[in-house]
Amino acid sequence: MIYCQGPKCHQYRTKDRIRGPKGAKVYQTRRRSEFYYLGGNACSMNCQDDWFRKFGEQAVNHFGRIHEPKTLALDNAWYKDSTYHYNGGMGNGYYTYFFINDLLGERIPITQEQYQDENLVRP
């Protein structure tokens, strides 16, 4: 079991946070086997936001604040996309698949197998 890392988790007044015997009840940080926020470390978006407000600046400084813009060159700007073609409720709609490069204004049709191939990253 893991505890929510939200610094104010114990301050949110919900019934599932109440612990202790009658007459000595307290609000306690949530404990679960799995969480879905903050990479599995927070029980809710509130707790995730609380954590980031308290530790976000420190985390960005520790793991590397960028000081220059990152760029993506023309030859690395390709991405895969698909379009679903609805066939008016007939139940036989279909997908078309593409490599797209918005910087070059190009759109190249590909097969479903090529679309699903994670090793294929550019035409």
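Scanning the stretch 45-101 for residues that are modelled with pLDDT of 95 or more, closer than 19 Å to Val121 by Cα and acidic (Asp, Glu) gives a single hit, Asp81. Restricting Gln28, Gln11 to residues that are surrounded by fewer than 16 Cβ atoms within 10 Å (Cβ to Cβ), in the same structural domain as Phe55 (by TED's automatic domain parsing) and either under 14 Å from Lys54 (Cβ atoms) or in contact (Cβ under 8 Å) with a residue 60 or more places away in the chain (or both) narrows the list to Gln11. Counting only strands (runs of 3 or more DSSP E) that sit completely within the stretch 44-123, zero hold 3 or more residues that are surrounded by 13 or more Cβ atoms within 10 Å (Cβ to Cβ), in the same structural domain as Arg31 (by TED's automatic domain parsing) and out of contact with any strand residue (DSSP E or B) (no Cβ under 8 Å at 6 or more places or on another chain). Of everything in the stretch 16-30 that's in a loop (DSSP other than H, G, I, E, B) and under 20 Å from Ser44 (Cα atoms), which residue is farthest from the chain's Cα centre (by Cα)? Checked the stretch 16-30; the qualifying residue farthest from the chain's Cα centre (by Cα) is Gln28. The C-beta contact set for the stretch 71-99 (first residue without any contact (Cβ under 8 Å) to a residue 12 or more places away in the chain and closer than 17 Å to Glu113 by Cβ, second residue part of a strand (DSSP E or B) and of a type outside the set (A, V, I, L, M), distance under 9 angstrom, 6+ apart or interchain) comprises Tyr94/Tyr84; Tyr94/His85.
The values are calculated or read from the model by the stated rules, or taken from the named source; none is laboratory data. Nothing here was measured: the structure is a model prediction, and the numbers come from that model. Every residue, glycine as well, gets a Cβ built from its backbone with ideal geometry; the counts of neighbours run over all protein chains shown.
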